[in-house]
Structures are given as structure tokens and as C-alpha cells.
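Nothing in this text is a laboratory measurement; each read-out follows from the coordinates by a stated rule. Keep in mind it's a predicted model, so treat the numbers as computed, not measured. Cβ sites come from the backbone with ideal geometry, for glycine too, and all protein chains shown count toward neighbours.
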Amino acid sequence: MIELLAKLGRASLGVFERLGRGHLFLLAVLGRLPGLALRPRLLLQQMWSVGVQSLLIIVVSGSFVGMVLGLQGYNTLVTFGAEESLGVVVAKSLLRELGPVIAALLFAGRAGSALTAEIGFMKATEQLSAMEMMAVDPLGRVVAPRFVAGLLSMPLLAAIFTAIGVLGGYFCGVGLLGVDEGAFWSQMQAKVTLVQDVVNGVVIKSLAFGLVVSWIAVFEGYDAVPTSEGVSAATTRTVVHSSLAILGLDFVLTGLMFN
Amino acid sequence: MNTPAPASQPIVRIRDLHFRRGARAIFNGVNLEIPRGKVTAILGPSGTGKTTLLRLIGAQIAPTSGTVEVDGVNVQSLAVKPLYELRKRMGMLFQSGALLTDLTVFENVAFPLREHTDLPASLLRSLVLMKLEMVGLRGARDLYPRELSGGMARRAALARAIALDPSMILYDEPFSGQDPISMGILVRLIRELNDALGLTSVLVSHDVAETSSIADYLFILAGATIVGAGTPAELRESDSPIIRQFMGGLPDGPVPFHFPAPPLLDDLLDAGP
């Protein structure tokens, strides 16, 4: 029994110690942001690899999610003769929840894991140590640009995901199932609000998810055990922890924003 | 060579250095002075903490106790900015080369110059090409690290290490895993660069023959402390069993062949897993 309690205590201490290190790491990265502002080229390079290179999976997934929403929404709404509201259902679902959440989950799988693996590999192959010995701060040169690129890319990717999703819903609802085109767009225009739907959903939620995913990804990479198993485990942790954090945070944000 | 006497102005001075990793003592009262302008090698069996010693000199890790001085400054007492200024005067060649894998050879060598100087592109190009010419890789400037052999990667890393014209270069196992030709090239390069550029070179290695052929001074590290010091000729003549074992490459001696274990018979008769 005592042994069990001791194990539990050790595990808890380990978790809190790591949480503490993660927060100190975030503070250290934030402290490097003024320096990054002087070198926008570093940020642009990372926006390309973190953001632009995630576009394909975002566009394809967004279109499928939108099309499924169109099909399911139509099936439900037609029962009540309310299929003209399909545009509102698709747009609100995507703007408030599915756009930010699914885009963030995809982003964690595609870009978050890549960030962790890249930084972890740089650590394992002594590239970060080499930078330190060349009097170059790896937090400023490697970590900060990737962190900010992730943070800024997330809302943009969620916006693209949502826009493509709406088009997917339009394709299924109007193109395949015969919903009135005018009703689809006009009801959407009437019911979707800028602050409640767009700002809360795509902007604030996505920024929060982008912060959490980028933070977890760069921390896991920087903190990885510098072996192939260590980098592999860190990459897995990034995807698992990011996904759980996104879903948990989404619940909290939804509770705060829409209730 | 026109350098001060080794004892008068050492570039690195380590005093009563203790370093522990968990319960294991890596260094237990190490004292050594590295003379300026010479090639000094620290030899020792694998796992004795040679790379750790280089990291302590570069202040990448902190000792448990004791001091490491570079150019008369205790490196542990330095804040980040002066430490980085000091590191600009120190090149380090990592065992793996540690080239930045997303940059070409040219960009790798240009990296420290771009980070720390504001040189015009044409001058930067000339400097990089001159450094690459020194290591024989001017023609490989457009290759990526993945396209280089192990020996070429180490030479490219060496060109990067001398990019900022440091006064001292730390070499971490420069000969390990090299074929005889690459090893010969690296041995010659280390000596020639040291003399031509007026550097101080510090090598850690376990390759006795190659290291002895170029080092002016050797330290032998074993059992968490320095067990021998002197010129290669002096150490070859030493009567100390541990120095004789290491210099002669003898498989057993004061440094045992076997990792500590119970007697073989007990182990064989033990029915447990």
C-alpha cells in the first residue's frame, strides 16, 4: 500500500515538475518574441512549412466535413420542412465548433508532430548544442519562429477549413439535394453573426488551440530524450496531449462563449 | 611556435572539478591547464566523461563544484551575453558534425557569419569559400549534409567551427568512425589549422596513435580523474600501469576488461533468469 502511494506520489511529482518546466519554457520563448520581430524572414519560412504545407489536408478534410454536414443536416431538417435553414446549420456548426476543432486536430497531427520531430531530431543530432556553441540561442533561432508560426497559422487554417466546408455543404445541399440556393445563402447571411460566430469560433478558439498545440509541440521536441525512441515518444505525446487539450479547451471555451 | 610558456598563461584552467550524474561521479577532483597555441589532447577510455569535459569548458553544463576558467574568466560566472561573446572565440567540432541538416554546406559555414556579422554578401561568400578551401570542400558547397560522407561532414563542420576565426577549437572525438584516408586528412587538418591560424586546439579522443601523432601535450583521464599528463614521448615511457595500459591499448589492466560482476561460476550455477 505504502509502495503504491509512493509510486503515485512520484508520478504526480513528475507530472507537476514537467508542467512547471513547460510553463517556464513558454515564458522563455515569449521572451524571445521581440528578437523575432526583427527577423521576419525566419517567421515567414516557418509559416510556409507549418501553415502552407498543411493546406492540402485542411482543404480536403474541410470539403468532406462540409459535404457530410450538408447530407446529415438535410436529412434532419427535411423532416421538419426546414431544409432552407441548411446554410445556417452548416455555417454555424463549422464556425463555432467543427472548423476550429477539426482543423486544430488535423494541425496537431500534421504540423505539431512535425515540429516535435524536427526539434527533437535537431537535439538528438547535437544541432541545438552546436548552435549554443556558435553563440546562437536555439530558443530564439529555432523554437520561437516555429511557435509563432503555429500560433498564427491556426486561425488562418481554421478559416480556410470553414470556408471550404461551407462550400462542401453548398455542393451537397444545393447541388445534389436541391435546397434553394437563395435560401441557403440568405439565411446564412441573416443568422451568422460576426462576433458570436466568427470571432468567438474561428478567431479566439483557433488562437487558443494554436497556442496550446504549438506550445506542446515545441516543448515536447525541445524536452525530448535525444534518442530515436525519445523523439518518437515525444512525437506521440504531442499528438495525444494536443488532441486532448483541444477537446478539453473547446468544452471550456464553448461554455464561456455560448452559455 | 611563438607562444607563451604553457604554465604561464594557460587558455583553459580547470581546478578541483567535480561533476556527478545522478549517483555516479564523472569527475572527482580534476585539475588541468591547457596551454595556449598548442594541440592538447585529453585521452581516456569510452565513458570517462571526455565529451562532458568539453561541455564544461563551453559552459553548456555546470560542474557540481570546482571552476573552469577560459582566458582567465570563470565560465560559470558569466551571464548569457558575455558567455556568448566568449563562445564566439571558441569553435567546437562535434562528434557527429552537427551540421544543420536543412542547409547546404555553404550555408552551414555561412551560418555563424550571418548570425553574428553584417558582412556584405560578396565578402561573406569569399570568406566561406576560403574556409571551405582550407578543408578541401569548396567544390561540395552546394551539397546538403545528407549527401556527404562522414569524413566530409566532419570537415564541413570544421570549416564552420573556424568561420568566426576563433582562438580555440574543441574537438570531440574527431577520428572516431573514420576510414584511414579521412582520418589522415583530419589529423593533418587539425595540426595545420592550429599552426597556420595560431589556434589552441583541444581534442578529446580515445584514438591513441592518431592523437599522439599531432598532440603537443596529452592528459589521460580515467577513474574520474587525471591519471597522467605529459608529452606523447613522456607518456610512452611512463611506468604507471594505467598509462601503459592505455598507451599500449592493452585489453586488461587497471582499467578492467570486465564490467563489475559476480564470479562467473556463481552466475552459471544460478538458476535464476
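Some notes on this structure:
- DSSP bridge orientation in the protein assembly as shown - percent antiparallel, rounded to nearest 5: 55 percent
- Gained length - B:Tyr144 relative to B:Asp16, 0.36 nm times residue gap less alpha-carbon distance: 41.8 nm
- Residue among A:Ala163, A:Ala190, A:Ala144 with the largest mean-square fluctuation in a Gaussian network model of chain A, springs linking Cα atoms under 10 Å: A:Ala190
- Among A:Ser232, A:Ser85, A:Ser186, residue whose mean-square fluctuation peaks in a GNM of chain A (springs only between Cα atoms under 10 Å): A:Ser186
- Spatial separation of Cα centroids for the range B:155-206 and the range B:85-125, in angstrom: 16 Å
- Straight Cα distances below 20 angstrom link B:Lys131 to the lysines B:Lys88, with same-chain residues fewer than 8 positions distant left out.
- Around the amide H of B:Gly29, modelled in the peptide plane, lie the amide H atoms of B:Leu17, B:His18, B:Phe19, all under 5 Å away and 5 or more residues distant in sequence or on another chain.
- The value of relative contact order for the range A:199-259, using C-alpha pairs under 8 Å at least six residues apart, is 40 percent.
- With neighbour counts taken as other beta-carbon atoms within 10 Å, the residues A:Met122, A:Met188 rank, fewest first, as A:Met188, A:Met122.
- Among A:Met131, A:Met67, A:Met47: highest mean-square fluctuation, GNM of chain A, C-alpha pairs under 10 Å: A:Met131
- Neighbourhood charge, 15 Å Cβ-Cβ cut-off, centred on B:Val187 and excluding it, Lys, Arg +1 and Asp, Glu -1: -3
- Taking other Cβ atoms within 10 Å as a rough exposure proxy, B:Met92, A:Met134, B:Met134 sort from fewest to most as B:Met134, A:Met134, B:Met92.
- Taking a ≥ b ≥ c as the square roots of the eigenvalues of the alpha carbon gyration tensor, the range A:160-209 is oblate, as a/c is not under 1.5 and a/b does not beat b/c.
- Simple spin-label estimate for B:Ala79 and B:Thr117 in nanometres, 7 Å along Cα-Cβ: 2.7 nm
- Across chain B, C-alpha contacts under 8 Å between residues 6 or more apart give a mean separation that, scaled by the residue count, equals a relative contact order of 23 percent.
- Count Lys and Arg as plus one, Asp and Glu as minus one, and take only other residues whose Cβ is under 14 Å from that of A:Thr193; the net charge is then +2.
- Summarising the amide proton neighbourhood of B:Tyr171: residues at separation of 5 or more, or on other chains, whose placed amide H is nearer than 5 Å comprise B:Leu93, B:Val202, B:Leu203, B:Val204.
- Rounded tilt (10° steps) of B:180-197 against the dominant C-alpha axis of chain B: 60 degrees
- 3J(HN,Hα) along the range B:236-248: 5, 8, 5, 8, 4, x, 5, 5, 5, 4, 6, 5, x Hz, from the Karplus curve 6.51 cos²θ - 1.76 cosθ + 1.60 with θ = phi - 60°, whole Hz, x for Gly and Pro.
- Residues A:Leu105, A:Leu4, sorted so that the one with the fewest Cβ neighbours within 10 Å comes first: A:Leu4, A:Leu105
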